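To start, the structure under review is shown below, and the notes come after it.
The values are calculated or read from the model by the stated rules, or taken from the named source; none is laboratory data. All values reported here derive from a predicted model rather than from experimental measurement. Every residue, glycine among them, receives a Cβ derived from its backbone with ideal geometry; neighbour counts consider all protein chains shown. Please note that ligands, DNA and RNA were not included when accessible areas were found on the heavy atoms of the full protein model with its side chains. Shrake-Rupley method; radii C 1.70, N 1.55, O 1.52, S 1.80 Å.
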Amino acid sequence: MTKDLLLQIEDLPEDEGIFSFYNEQKQLLYVGVAKNIKEEADKFFFEKNSVLNRLNIAEIKIIKSANANLIKFFAETIRRKKPLYNISLCEQKLYPHLKITREKFPRLLVTRKIETDEADYFGAFLPETGVRFLLDFLNRAFRLRNCTVSIDGNFPLPCTQFYEKRCVAPCVKNICDETAYGEFVQLVRLFLEDRQVDLEKFLHQKIESAAENLDFETATFWRDILLGVQSTWRERDLQLRLEDAIDSLEITEKNQEIFIYLVTQRGIKILGKRVFVFEKNINFALEIFMSQFLWQFYQFHAPKEIRVTLDFPNRDFLSGVLSRRENRKIKINIVQPDNQKITTERAFGRTKFEFNFRQIKPPSGFTDIQKELVKEFNLKCPPKRIECFDVAHISGTNFVAAKAVWANGEFLASEYQFWVFEENNELKMLEKGIEKSFETNEKMPGLVLIDGGKPQLNAALNALEKFGQRKFPLIAAVKPPRLHNEVSHFIAENGEIFDMKPGSDAMQLLVHLRDEAHELANRVHRTLRDTTHFYELASILPDLSEKERSSLLQKFGTIKKLKQTIQNDFVEMFGSEKGKNIFVALNSFSLDKNLPLKSLIVPIRYDDENGEAKDLQPLRLRYKKRL
């Protein structure tokens with residue numbers, strides 16, 4: 001130890017905060033947190049057999065942070081600076097969190113990873129199925145945008161999400177400007193922070209203000225949000241915060257890897273389980289690794305009690321910091337494995353069994369899937385990219401063709417496509433959709449999958465004939481009678497039949513890809529069916545505001561009824577000149593002569609792109625009336 005380093009240690013403050021160790025090459029070795037920085041550093045440098053004392057430490061830097069954000073600051077420092085000898089949760093899948101993005105018009109997304117992206121994070125929330133219910137409620141109640149397009153408020157018309165009451169349309173300035181949108185963002189923030197009094201006060205003020213201005217429609221809008229929020233607070237299935245939960249943790253070491261097992265319970269109910277694995281690149285005691293983990297894991301939440309199987313440095317300090325931040329007592333107790341509750345013991349046993357089973361038979365990798373596809377379908381080359389096509393319609397109307405893509409072992413949602421054409425035949429629609437795809441497709445697939453039987457396969461072959469010789473094969477996924485969500489067998493171009501094998505990972509992949517294309521086609525079809533009349537009315541009455549057109553549909557119901565309405569009814573609503581113009585426009589518009597505007601369907605994403613939460617999509621509570 002150099003004299004300069006001894007002087008640095010002597011000058012360290014006896015305050016709580018964060019400290020960091022650097023070597024002579026200015027490489028960050030370790031970041032620590034302590035109630036007394038000088039005392040903690042003394043332990044590292046002067047205790048017998050100290051590991052860090054042998055690491056050629058040349059410099060100590062101090063970041064004082066004696067406030068309630070100490071845990072958050074420590075976790076952010078680890079993520080941002082990536083010290084050599086700290087374990088990090090950057091690449092670990094956490095419990096679900098919700099985040100409000102840092103954008104001009106923020107989005108609400110679900111994620112299992114925390115990033116240093118200046119977004120606001122909330123959570124964790126459990127159980128995971130309940131998170132899907134919560135996500136649906138928040139989307140329908142507060143209607144923050146979930147589109148992935150860049151918006152600036154200058155769209156002429158809103159997308160279909162507005163008409164489906166899942167967005168307040170900040171893309172159209174005269175519907176919702178940046179200030180108004182900010183109010184909805186603030187409401188979501190109050191809800192996720194569980195500030196019930198402030199949220200109710202805010203909504204009551206909005207209701208009273210609208211009522212005083214005799215704007216009863218707006219007052220009703222805010223009242224419905226208030227009632228929905230209050231109902232959600234009472235809904236048992238949506239009590240997802242973990243303030244009343246207990247976390248139990250075990251830590252073990254095997255083959256230079258650290259395993260931390262986590263079980264979260266509410267009473268005897270198991271809410272969640274996780275296994276975290278870290279490479280042991282320094283010979284710290286397990287207690288040090290447990291401390292590092294806990295100081296990062298509870299960055300945004302804390303249960304009422306944390307139970308660990310071994311003591312660790314600064315346990316009481318961490319308990320105090322968590323209690324101070326949460327404004328309630330957070331206990332961190334030591335519970336030996338043989339003294340655990342039977343439900344916790346069983347949960348740990350199941351968690352370890354499931355993890356070990358995955359290690360014995362890990363999920364098939366990209367190369368394994370390729371080899372199995374070649375074997376099962378007699379392919380000449382292993383496909384790196386597979387595209388699947390499907391068509392949705394009801395009774396020969398509102399046809400939609402859609403494409404889903406799997407490449408290099410991933411489902412590429414960003415490359416999914418759909419097409420809407422004026423066709424009244426399913427096979428023609430499929431043929432045209434495939435034609436459109438390959439007109440602009442720069443990435444050629446190694447295999448094309450068609451949802452359907454021989455007729456659909458033949459339609460696809462007809463479409464591809466127009467593009468000359470191809471190097472990839474086609475197969476069709478055939479549904480059993482009256483079971484439209486299943487696959488009974490596959491048909492190749494030469495008529496060869498391959499029976500569905502439930503145990504085949506390759507065939508299950510094709511079924512999943514078929515489901516992706518099927519879901520996209522059906523979603524777009526439903527959207528078109530439910531929103532076309534809004535765009536038709538916008539075509540007829542482009543000079544009216546969206547609110548004025550909405551009031552017409554609310555009062556008269558359909559465009560057909562609007563055309564049967566007398567001029568005086570419009571005059572009564574909008575005044576003499578505007579009412580007369582509306583009457584003339586409605587009666588002069590003809591679908592044979594004037595093409596209505598097409599529905600604007602934009603890409604939607606509810607999960608963070610890098611957040612490992614693709615499975616957490618909105619799920620509606622269907623057994624009770626909601627917003």
>> Which condition from (1) open to solvent by 30 Å² or more (accessible area, probe 1.4 Å); (2) acidic (Asp, Glu); (3) within 21 Å of Phe221 (Cβ to Cβ) is the one that Glu546 breaks?
In response: (1)
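How many residues, within segment 193-205, are closer than 26 Å to Leu240 by Cβ and either part of a helix (DSSP H, G or I) or in contact with an Asp or Glu (Cβ under 6 Å, 6 or more places away or on another chain) (or both)? Lay out the reasoning, then the answer.
At the first step, the residues of segment 193-205 found to be closer than 26 Å to Leu240 by Cβ are 193-204.
Right, trim to either part of a helix (DSSP H, G or I) or in contact with an Asp or Glu (Cβ under 6 Å, 6 or more places away or on another chain) (or both) and you get 196-204.
Going through segment 193-205 one residue at a time, the tally reaches 9.
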>> Here's a check for you: in segment 592-620, which residue that is at pLDDT below 90 and aliphatic (A, V, I, L, M) is most open to solvent (accessible area, probe 1.4 Å)?
In response: Leu595
>> So, in segment 186-217, exactly how many residues are of a type in the set (A, V, I, L, M, F, W, C) and open to solvent by 60 Å² or more (accessible area, probe 1.4 Å)?
In response: 3
> Do you know which residues across segment 106-123 are touching a Pro at 6+ places or on another chain (Cβ under 7 Å) and either modelled with pLDDT of 95 or more or of a type in the set (Lys, Arg) (or both)?
Replying inline: Val110, Arg112
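Rundown of residues vs (1) modelled with pLDDT of 85 or more; (2) in a loop (DSSP other than H, G, I, E, B); (3) surrounded by 11 or more Cβ atoms within 10 Å (Cβ to Cβ); (4) more than 37 Å from the chain's Cα centre (by Cα), yes/no style:
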| site | (1), (2), (3), (4) |
| --- | --- |
| Leu5 | no, no, yes, yes |
| Ile9 | no, no, yes, yes |
| Leu12 | yes, yes, yes, yes |
| Ile18 | yes, no, yes, no |
| Tyr22 | yes, no, yes, yes |
| Lys26 | yes, yes, no, yes |
| Tyr30 | yes, no, yes, no |
| Val33 | yes, no, yes, no |
| Glu39 | yes, no, yes, yes |
> Quick one: how many residues across segment 115-129 are in a loop (DSSP other than H, G, I, E, B), within 22 Å of Val275 (Cα to Cα) and open to solvent by 20 Å² or more (accessible area, probe 1.4 Å)?
Replying inline: 2
> When you go through Thr309, Thr264 one by one, which is the residue that is of a type in the set (Val, Ile, Thr), in contact with a Gly (Cβ under 9 Å, 6 or more places away or on another chain), touching a residue at least 40 places away in the same chain (Cβ under 8 Å) and within 30 Å of Tyr85 (Cα to Cα)?
Replying inline: Thr264
> Across segment 276-297, what is the total count of residues that are among the hydrophobic types (A, V, I, L, M, F, W, C), out of contact with any helix residue (DSSP H, G or I) (no Cβ under 8 Å at 6 or more places or on another chain) and modelled with pLDDT of 90 or more?
Replying inline: 7
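So which of His525, His518, His484 is at pLDDT below 85, within 29 Å of Ile601 (Cα to Cα) and either in contact with a helix residue (DSSP H, G or I) (Cβ under 7 Å, 6 or more places away or on another chain) or not β-branched (Val, Ile, Thr) (or both)?
Details: His525 fails: at pLDDT below 85; His518 fails: at pLDDT below 85.
On inspection, the qualifying residue turns out to be His484.
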> Counting just the residues of segment 324-366 that are modelled with pLDDT of 90 or more and farther than 14 Å from Leu294 by Cβ, which one comes out surrounded by the most Cβ atoms within 10 Å (Cβ to Cβ)?
Replying inline: Glu326
>> I need the full set of residues from segment 197-236 which are within 14 Å of Glu183 (Cβ to Cβ) and among the aromatic types (Phe, Trp, Tyr), in order please.
In response: Phe202, Phe221, Trp222
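Yes/no matrix, rows are residues, columns are (1) small (Gly, Ala, Ser); (2) open to solvent by 20 Å² or more (accessible area, probe 1.4 Å); (3) part of a helix (DSSP H, G or I):
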position: Thr77; (1), (2), (3): no, no, yes
position: Tyr85; (1), (2), (3): no, yes, no
position: Pro106; (1), (2), (3): no, no, no
position: Val131; (1), (2), (3): no, no, yes
position: Phe137; (1), (2), (3): no, no, yes
position: Ile151; (1), (2), (3): no, yes, no
